[in-house]
Amino acid sequence: MTMAQMDRLLFGDNQFFGINHMSEEKARAQAMRFQKTDAIMEVLDVAYAEGIRTFMCTTHDRITEVADRVRADPVRYADFRFYPCMPYAHKYANAVTDHGMVGALRHFMPSDGVLSTALTGGRALATKEVDGIAKVLIDMEMKMFHGLQTPVIFVQNVFTDLLLGMGFTRALRIFHDHVVTKYGVEPAFITMNMPMLLEALEKEGIERPIICANINKIGFRMSGGFDAYLDALRSGRVRAVAMSVYASGAIPPDEAIHWISELPGVESIVFGASSAGNIRGTKALVDKYMGAPA
Amino acid sequence: MDHKVRIGVVGLGKMGLSHFAMVNAHPQVETIACDGAGFMVDVLGRNLENTIYRDYDTMLDAERLDAVVIATPSRLHAPMTTAALERGLHVFCEKPFCLDWADSERLATLAADKARVAQVGYHYRYVGAFREMKRILDTGALGRITHVLAEAYGPVVLRPKRSTWRSQKSEGGGCLYDYAAHPVNLLNWFFGTPAQASGSVLTPIFSDGIDDQVTATLGWDEGPTAQLSVNWSDESHRKMTTRITMIGTNGRIFADRQECQVYLRAPDPALPGFEAGWTVKYTTELTEDPWFYLRGEEYSAQLADFSGAVAEGQGKAVENDFASAAQTDRTMAMMIENAETGQPVGAPPVTARPTPARKRGWFAWKA
């Protein structure tokens, strides 16, 4: 595995799927605007033209269409890369409601394989079988990116934090090892609890992990405490991707990016925007304060 | 309390797993888990350090617990809460509290007699925007509230589904208990138990025998009329959306999970910082970071209040005590009876006449 050099600025996907932490009305307006994949591609193309090559996205069903477009035009999108964030929990939630936990898992396993059989037996699963199921689920999420560049693969924050809270961090280790072994790329983790996660990952033997978390000047949604975040960043033990750098609009852009640029340990910023003006504005600020990757 | 608070989380389903993760992440809490059986318990038993029991009574016998968090199917809430309180434990129970509101009131009395921290998981009371709504309402700055719209929508039942406890009315399934309970609980917080429920209609859409949509009219003595409009078969919402709108004699207020919008006709000294016209506050600015964030500050905050009250020996819940949840159970029972009989339940609300205008206004002669 080669250590991935992450770009300074990554493009996020919340705005495409009706996720807005400030207003349901805005969220709905965005859901309407991005109903068609063309509208998503238009925005991605603006970002790509600005030199923002990385799209950090949930493994939402609709990303399949984006992946198809990129795959269909390899010349144009030669430098385009995805950072998948998995799982997209909704599809599992629905399957669990429809089929129950075991039924849902069986539904996703290869029908003639040993795992499906193990789940049918109604007996306790061996550790190896649990690992096997996890790997099948990861592979399933990755299918839509077949043939595309995915140099970093993330676990979504609700899933990371659920496992972290329960103390089931071995599952994060399974993810880590599978991503390294099978895909030869960097495993990474999104969390709302960076200091706690970092400690837990280190206990699992994962050194200098890539962690994406809220990092902003006003400490918005930095659970575990602002100071603990800064300590972790300064310690050199984490490669951070900062999200919510504007704290949902509470911090003026220039001030927000300037502050981030002076933090050690922050390798990248992920942001979402729907207008060309906002995309160019953030790109210009990142170029001004952060320059090229170290 | 000098030792860690020892909490047993019972039921590792949809809510239980998330409660377990949040409680377990709390530095001052030691967590034990309990779930009937099945696949999850097998997997977790092999991978977590926590002790996991398969039987509730065995756990209560074997462990020296301070408190339990109950997240089992609703039918089990009353017996499990009773057993815990009888052993002197503090209880956090998922909503809806009890399917029979007489049980809810009995347990509220029992918890009060024993000075236990007894709380129910109505997390919307911990959402910044709804707390702001409550604060503004209580200042009286909106004048007399006459008109309320309480709504909840979301994509839970979008096609006929296999049967689980959530699809059985007798087990506490259905849109009323699962979804409508939230806006009803907020109305109880704002105005208490209504005097009358009328026009209640509980309608199945895709489900067999349980309600997927709920509409009702609730009225309070000296208070507003509220229209309740709830539907969990609405795919246009990404997840559950709850919103409350109120119109008063001095303005209007709206809140959902994200924001609280206020319109004041005239500023009021009781509400400094709000001018005439619109003021908008966002949950993001109204919320403090919890010790551990999983899926929204409100879920962590309610458990923080619970474990904090237990640790400090406060002897009662900070918010959402059993008595307040009993109001919600009672209100839902009124709606069910109203829907079944077609007769309004409770007496028509007594409403004071509006203060006569000093001068003869245009509306007076128009009427």
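B:V43 falls short on exactly one of the conditions (1) among the hydrophobic types (A, V, I, L, M, F, W, C); (2) surrounded by fewer than 19 Cβ atoms within 10 Å (Cβ to Cβ); (3) outside any loop (DSSP other than H, G, I, E, B), and that condition is (2). Close Cβ contacts (under 6 Å, 6 or more residues apart or on different chains) running from residues in the stretch B:265-284 that are farther than 10 Å from B:I136 by Cβ to residues that are loosely packed, with under 13 Cβ neighbours inside 10 Å comprise B:P267/B:E275; B:A276/B:A266. Every condition in (1) in a helix (DSSP H, G or I); (2) modelled with pLDDT under 85; (3) away from every other protein chain (no Cβ under 14 Å) is met by A:S111 except one, and the failing one is (1). Residues that are within 27 Å of B:G296 (Cα to Cα), of a type outside the set (F, W, Y) and within 12 Å of chain B (Cβ to nearest Cβ) do not occur anywhere in the stretch A:229-241. Looking only at residues in the stretch B:287-326 that are surrounded by 24 or more Cβ atoms within 10 Å (Cβ to Cβ) and under 19 Å from B:D178 (Cα atoms), the one that is nearest to the other protein chains (Cβ to nearest Cβ) is B:Q302.
Residues B:D66, B:D100: which one is charged (D, E, K, R), in contact (Cβ under 8 Å) with a residue 60 or more places away in the chain, closer than 27 Å to B:Q168 by Cβ and out of contact with any Phe, Trp or Tyr (no Cβ under 6 Å at 6 or more places or on another chain)?
The unique qualifying residue is B:D100.
For A:V130, the conditions (1) on the phi > 0 side of the Ramachandran plot; (2) in a helix (DSSP H, G or I) all hold with the exception of (1). Counted as qualifying within the stretch A:1-99 are the helices (runs of 4 or more DSSP H) with 2 or more residues that are within 22 Å of A:G184 (Cβ to Cβ) and touching a Phe, Trp or Tyr at 6+ places or on another chain (Cβ under 8 Å), namely A:63-72. Within the stretch B:120-133, can one find any residue that is of a type in the set (G, A, S) and assigned to a helix (DSSP H, G or I)? Within the stretch B:120-133, one or more residues are of a type in the set (G, A, S) and assigned to a helix (DSSP H, G or I).
Yes/no per residue for (1) of a type in the set (A, V, I, L, M); (2) within 11 Å of chain B (Cβ to nearest Cβ):
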{"position": "A:T37", "(1), (2)": "no, no"}
{"position": "A:L44", "(1), (2)": "yes, no"}
{"position": "A:R53", "(1), (2)": "no, no"}
{"position": "A:V66", "(1), (2)": "yes, no"}
{"position": "A:P74", "(1), (2)": "no, no"}
{"position": "A:P87", "(1), (2)": "no, no"}
{"position": "A:T97", "(1), (2)": "no, yes"}
{"position": "A:A104", "(1), (2)": "yes, yes"}
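Here A:N193 passes the criteria (1) surrounded by 21 or more Cβ atoms within 10 Å (Cβ to Cβ); (2) under 25 Å from A:R81 (Cβ atoms) except the one numbered (2). Any residue at all in the stretch B:46-59 that's of a type in the set (D, E, K, R), within 14 Å of chain A (Cβ to nearest Cβ) and not in a loop (DSSP other than H, G, I, E, B)? Within the stretch B:46-59 (the criterion being of a type in the set (D, E, K, R), within 14 Å of chain A (Cβ to nearest Cβ) and not in a loop (DSSP other than H, G, I, E, B)), the answer is yes, since at least one residue qualifies.
Residues in the stretch B:247-264 that are without any contact (Cβ under 8 Å) to a residue 40 or more places away in the chain and either within 14 Å of another protein chain (Cβ to nearest Cβ) or buried (at least 21 other Cβ atoms within 10 Å of the Cβ) (or both): B:F254, B:Q261. With respect to (1) among the β-branched types (V, I, T); (2) closer than 25 Å to B:M240 by Cα; (3) in contact with a helix residue (DSSP H, G or I) (Cβ under 6 Å, 6 or more places away or on another chain), the lone exception for A:V46 is condition (2). Summed over the stretch A:134-186, residues that are in a loop (DSSP other than H, G, I, E, B) and either of a type in the set (F, W, Y) or under 27 Å from B:P290 (Cα atoms) (or both) total 4. Only a single criterion out of (1) outside any loop (DSSP other than H, G, I, E, B); (2) small (G, A, S); (3) surrounded by 21 or more Cβ atoms within 10 Å (Cβ to Cβ) is not satisfied by B:S229, namely (3). The lone criterion from (1) part of a helix (DSSP H, G or I); (2) out of contact with any Asp or Glu (no Cβ under 6 Å at 6 or more places or on another chain) left unmet by A:A118 is number (2).
For (1) of a type in the set (F, W, Y); (2) within 7 Å of another protein chain (Cβ to nearest Cβ); (3) under 22 Å from A:L197 (Cα atoms), each residue gets a yes or a no:
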residue: B:V5; (1), (2), (3): no, no, no
residue: B:V9; (1), (2), (3): no, no, no
residue: B:G13; (1), (2), (3): no, no, no
residue: B:F20; (1), (2), (3): yes, yes, yes
residue: B:Q28; (1), (2), (3): no, no, yes
residue: B:T31; (1), (2), (3): no, no, yes
residue: B:D35; (1), (2), (3): no, no, no
residue: B:V41; (1), (2), (3): no, no, no
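Does A:I269 satisfy the criteria of being closer than 18 Å to A:A47 by Cα, more than 14 Å from every other protein chain (Cβ to nearest Cβ) and touching a strand residue (DSSP E or B) at 6+ places or on another chain (Cβ under 7 Å)? Judged against the criteria, A:I269 is a match.
Here B:A62 meets the list (1) over 29 Å from B:A326 (Cα atoms); (2) at pLDDT below 95; (3) small (G, A, S) almost entirely, failing just condition (2).
Note on the stretch B:294-337: residues that are more than 20 Å from the chain's Cα centre (by Cα) and in the same structural domain as B:T193 (by TED's automatic domain parsing) amount to 1. Within the stretch A:247-259, can one find any residue that is of a type in the set (V, I, T) and within 14 Å of chain B (Cβ to nearest Cβ)? Scanning the stretch A:247-259, I find at least one residue that is of a type in the set (V, I, T) and within 14 Å of chain B (Cβ to nearest Cβ), so the answer is yes. Between A:I153, A:I190, A:I206, the distinction of being more than 10 Å from chain B (Cβ to nearest Cβ) and touching a Lys or Arg at 6+ places or on another chain (Cβ under 8 Å) belongs to A:I206 only. Checking the structure you have, find out if any residue of the stretch A:159-168 is within 11 Å of chain B (Cβ to nearest Cβ) and out of contact with any helix residue (DSSP H, G or I) (no Cβ under 8 Å at 6 or more places or on another chain). Checked against the condition, which is being within 11 Å of chain B (Cβ to nearest Cβ) and out of contact with any helix residue (DSSP H, G or I) (no Cβ under 8 Å at 6 or more places or on another chain), the stretch A:159-168 yields no hits at all.
The values are calculated or read from the model by the stated rules, or taken from the named source; none is laboratory data. Predicted model, so just to flag it, every value in this text is computed and none were measured. Every residue, glycine among them, receives a Cβ derived from its backbone with ideal geometry; neighbour counts consider all protein chains shown.
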